[in-house]
1. Counting only residues 5 or more places away or on other chains, whose amide H sits under 5 Å from the amide H of residue 147 once H atoms are built in the peptide plane?
2. Ranked by accessible surface with a 1.4 Å probe, highest first, in what order do 124, 45 come?
3. Under a point spin-label approximation (7 Å from Cα along Cα-to-Cβ), what is the residue 180-residue 88 distance to one decimal in nm?
4. Which value, in Å² rounded to 10, gives the accessible area of residue 74 with a 1.4 Å probe and all protein chains present?
5. What share of all Cα pairs of segment 136-182, in percent, falls into each consecutive 10 Å distance bin?
6. If ligands, DNA and RNA are left out, what is the accessible area of residue 186 with a 1.4 Å probe, given in Å² to the nearest 10?
Amino acid sequence: MISPRPHPRQIARLLTATAALLVLLAGGTYALAHAPSYESNATVVLVPKRDAPQNFRTYVGADTIAATAGTYLELLSSPSTLTEAGFRGVHLSANDVPDTSVVNSGSLTLSIDVTTRSRQRRLVQPALSAVIATARRHEGELDDLWDIRTVSSPSAPSQFGATRGRIVSASVLLSLLAALVLSTLIRYFGPARPARRSPSRSVARSSGGPPSASTSR
């Protein structure tokens, strides 16, 4: 017995459901395999040392502060500093905060944000504390007139980036979008529908043939 051929609409629905399911499964697999990452932040400032000359603020300009910032940024973000601090598997970064240097006032400072990131939540905060302490120990080697002081201590670990819940939500939306796009393409490029027969031809065929012509007298 020959099984009936599936209707084109059934095939279209099957393809649409399959595409949506594949997208959803891919997103779910990525969400399960994607380990969350954590970060800790701290802010330090560069201030003149206590033994700095009294006229130190009079000859320090923006260019000098920029050069100094570059030196300390390299020190705070150097892999060797992180290695000396005794931590591995942690990403370290340091960025100066724009418009934080004050040249013509009594409080000459420059702020720097330091961040540690890792997939191991327990590492980021102690690693950042160790990095700042290590950088402060190397201040004397720079032979300049600046000190590193901590303004905000390393923060508690916080998760950053896309969470698993957001990935799953995005996967659901993408699966619905894939189903909608595929369904639209199938309707647009699918087989054309058969043309409808005119009523007159249908009636003629059902009566057994074309109507007979009238005889002339």
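The values are calculated or read from the model by the stated rules, or taken from the named source; none is laboratory data. The shown structure was predicted, so the numbers you read here are calculated from the model rather than taken from an experiment. So basically every Cβ, Gly included, is an ideal-geometry build from the backbone, and we count neighbours across all protein chains shown. These accessible areas exclude ligands, DNA and RNA; they are computed on the full protein's heavy atoms, side chains included. Shrake-Rupley method; radii C 1.70, N 1.55, O 1.52, S 1.80 Å.
1. 47, 49
2. The most accessible residue leads, giving 45, 124.
3. 4.9 nm
4. 130 Å²
5. Percent of pairs per bin, in order: 19, 20, 16, 14, 14, 12, 5.
6. 50 Å²
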